[in-house]
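Worksheet: the structure to be examined is printed underneath.
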Amino acid sequence: MKTRFNTFDIVCQVTDLQRLVGMRVNQIYDVDNKTYLIRFHRNEEKSVLLLESGIRFHTTNFEWPHGVAPSGFTMKMRKHLKNKRLEKLSQLGVDRIIDLQFGTGEAAYHIIVEMYDRGNIVLCDHEYMILNILRYHIDSDVVKFAVKEKYPLHLARQYEGVPSVQKLKEVLAAGRAGDSLRTVLNPVLPYGASLIDHVLTKHDLILCRIKGNSAENDEKTDETHKKKQKKNKKKDQLLPTKDFDMQNDLNSLLNAINDADLLLKQAMETPSEGFLIQKKEQKPIVKEGEDEFYYTNLEYQPMLYAQYENEPFKRLPTFDASIDEFYSELEGQRIDNKAFQTEKEALKKLSNVKDDHAKRVQDLSKSQQDDIMKGELITRNQELVDRAILAIRSALANQMSWSDIQELVKAAQTNGDEVAKAIKQLKLEINHVALSLTDPYSHPGSDGEEDGLKPMTIDIDLGLSAFANARKYYDMKRSAAIKEKKTIDASEKAMKNAERRTQTALKQLRTQTKISKARKTYWFEKFYWFISSENYLVIGGRDQQQNEVIVKRYMKPHDVYVHAEIQGASSVIIKNPTGEEVPPKTLLEAGTMAISYSVAWDAKIVTSAYWVKGDQVSKTAPTGEYLATGSFMIRGKRNFLPPCNLILGLSFLFKLEEGSVERHKNERRVRTFDEEKADAADLAHAAKEEDDTEIDLSKESDTEEITQTEEKIEKLEISDKKEAENEEIEFPDTQVSIKHDFARQESALAEEIVREKLSMCEGDADQELIIASQPVKIKQQMSKKTKQANRQEKKDKKGKQQEQKSMNQDKSGGNQLKRGQKSKLKKIKEKYKDQDEDERQLRMQILQSAGNKKIEEEVDSEDESSSKTNQKQQRQKPQPNNADEDLDDTPAAAEVDMIDTLTGLPVPEDELLFAIPVVAPYQTLQNYKFKVKLTPGSGKRGKAAKTALEIFVRDKNCSQHEKDLLRAVKDETLARNIPGKVKLSAPQMHKVKK
């Protein structure tokens, strides 16, 4: 399989990609540590260029995953290349190096991509001074590939045209004995191995090899080269080879090289088509009459070379498109190839089972024939067998030793005794003797062969007579016949079952392969996530780094931030693209998520979470303080939620085909109180039945833990009531008992609690709070309220003094207006006469103007240096919720809207594409078709996930297609979002365990 570009490929690709020249860089991403994406745009035209060090460069129409955070090399390229125009894309000489120039003059920058050896990507300035490099190395004492070194352009291989006849003769003379022409010419000619093979095939020189007659060539052939030649001979053992004749074949070789040179020049001027060379294999047959073929892409080529004319291929409009499709389908082909090999192994096992059964039946049949012949021979030699039995019995009766009996038999055989000659072996340890018996009634036939039973060596039991021994063999034949019949019947049944199971397994495998290829990984799956019962996408960070990425990159001002003041709690974001108020039920579900992914899960602690609006969250710390990774500043009022129970659920969402989406419209919607009440009544009955059959995976009783949890909830409720009384806020006289299983009938009451909590939210509008998933170092300062009150008082006092001073200066004419200023002031006053001070400051902030910052500096003269520092930070700090430089990575509303294509309640009429496992608060999953309850326990999450999957698959309401979709989910994906040690509860679990 082709793994990297050759020289001719680079020539064709550079010509094809000239269409990118003139486009501007919109953004740069990294796929991994050696693969980068550059996104270009020009008006409405967009294109993405993929660069992989040492391997490839091409535009791509496929989705490639981005890194969670841009690498240092990516950031360096963004700094110098963003918004710059691609001015030139060229190849350095005819070497496997490309040069992309961005910008012109002294503002120009170059990206140099090396496509040979281990590869490299180098960022240079306009003088080719290296600013950053992917792989630092030293080729020699003179040439260094490092920062602040100049890139050695002079080392690139230059095009020298067609070699002269004399030079060609020298090259051929220097070749080793047995080498092919391609091996000798490839290092010298700049065309690449595939193009050389093409022209050699066209001129009937592909089979020519260098002569090995001279002693000089024989000496040059070292051991390594001999092994290589031996390997090549194995490949070409079916093809005849011939020696290259310098006199007769040289002109043909020159013509071939001229053709290659002509093709190279054409490729430099005209874009080439693309061809995918494929391998065709027949898939294992599941049913008779169904022939399917499996195609594997082997190579991408800019033209259909002569050596591939008889191979299957796929034609594409451009060489660039063929490269993109080749690499983009590698993963899909890997899945297909794995499935193909699995199918072959399954059918091989089935074939082995068939062969084994056939061999067993054949052995039983042969055993019957042998038993019949043995019984018949004993009957025909009855007198001889009885005499042999009597002789051995007599010797044993005379108490002769076994060795003496052996000597006696040998002596009798020497004397020509007929009975002794028939004895072949004494098996006295088992009371047997082996006799060689022949058919006494056989006679030579007309063809020279004897007509009768063939001679055989037969074991004779010394405890039985000849007739009894014969009957024993006849009985064995009858037993073998019965066994053969049973074996044949059982074999036919087993074969049918094995064949049916194999065909079912192959169908499931192919279905799962299609599902795996169709499976699209969504951007939010790298985080903790679920879709709330009211159709809001909720995401949470797995660690400190992801917490920071979620807030800085994915959170918008209209979104809601949910957190809990407990160690390890996840930063949870409720995506709110509409900007409307988020319903209380969704807030409660997000709070459950924030607490569940913290130490509260293992400690089995029930606590409260809180929520704030997205624009209240900032990464900027006050003066003299700093925030660690994953920590944020909350400004303003926090809205506390009721205590959240540690009850999650595991379920599946199914991807709907476009035609089935309308059927599930408004499936997850904000429900009225009456709807919730009706649903709660139905759920109460279902929950009661469910509780009767719940079984713990950990096989432990959690009665004490449940009791403790309920006691903690009650204490928290009492604390909340006292707190409400202290703040003189009236609440309805409603008793709420939050049970361990959190039945659905309480959801309406939970909503009321949330609404009540929203009205009793604590905190001051000016409050600032630092939340962190790890300890944060903060200087001890005075109370913020006191400090801000003092500062505000100073500002008011100084402001009045400044205003009075300004008025006095105006009256005294201290500041004389220059010519034209009076008329300008009149126009400004007329234009902004209706504008108050707050509106003016807001407009100045939008325009990012300094405004009255100078005035503020003068007002607070005691904190002048601190004020300047704050202003400088204010100018430099990013606005809350904005990504650093990766705004283009933020999912648009359309990308969030795709959650409408996911359903947890499929119906038989739906066309389902794939399944996605989801872990969410259990109340969120009440309407889902498949669900199990997860609570803190001692069971392993991997085992719990597998058990849950088995429960879903064995559900009588689960269709065959749904089973295929569920089985296609990988185990690691299924258990990934389960918080930790877990207890699994579900109806009928005992049946699955058995």
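Brief remarks follow.
- Probe 1.4 Å - accessible area at Leu390, Å² to nearest ten: 110
- Take the Cα of Met268, step 7 Å toward its Cβ, do the same at Gln307, and the gap between the two points is 2.4 nm.
- Once the 1.4 Å probe is applied to the protein heavy atoms, segment 1-103 comes out at 39 Å² accessible per residue.
- Taking 0.36 nm per residue of separation and subtracting the current Cα-Cα distance, fully stretching the chain between Ser959 and Arg157 would add 282.4 nm.
- Whole-percent carbon and sulfur share, accessible surface of segment 15-142, 1.4 Å: 46
- Heavy atoms of Asp356 accessible to a 1.4 Å probe, total area in Å² rounded to 10: 80
- When only alpha carbons are used to place a centre, segment 555-569 and segment 176-199 end up 64 Å from one another.
- Residue separation of Asn535 and Arg500 scaled by 0.36 nm, minus their Cα-Cα distance, works out to 8.3 nm of gained length.
- Here each label is just a point 7 Å from Cα along the line to Cβ, and for Glu911 and Glu658 those points are 1.0 nm apart.
- Within the assembled protein chains, the solvent-accessible surface assigned to Glu149 is about 70 Å², based on a 1.4 Å probe.
- Gain on full stretching of the segment that runs from Lys665 to Asn415 - 0.36 nm per residue minus C-alpha separation: 79.5 nm
- Listed peptides 162-173, 121-132 by packing density, highest first (mean Cβ within 10 Å): 121-132, 162-173
- Accessible-area order (highest first, 1.4 angstrom probe) of the listed residues Arg976, Arg635, Arg209: Arg976, Arg635, Arg209
- Computed label-point distance, nm, for sites Val142 and Ala358 using a 7 Å Cα→Cβ extension: 7.2
- R0 of 35 Å, Cβ-Cβ distance Lys637-Lys46: FRET efficiency to nearest 0.05: 0.25
- Taken per residue, the accessible surface of segment 309-418 reaches 61 Å², heavy atoms only and a 1.4 Å probe.
- Carbon and sulfur %, accessible surface of segment 375-463 computed with the full protein complex present, 1.4 Å: 46
The values are calculated or read from the model by the stated rules, or taken from the named source; none is laboratory data. All values reported here derive from a predicted model rather than from experimental measurement. Reconstructed Cβ throughout: ideal geometry from the backbone, glycine too, with neighbour counts over all protein chains shown. Please note that ligands, DNA and RNA were not included when accessible areas were found on the heavy atoms of the full protein model with its side chains. Shrake-Rupley method; radii C 1.70, N 1.55, O 1.52, S 1.80 Å.
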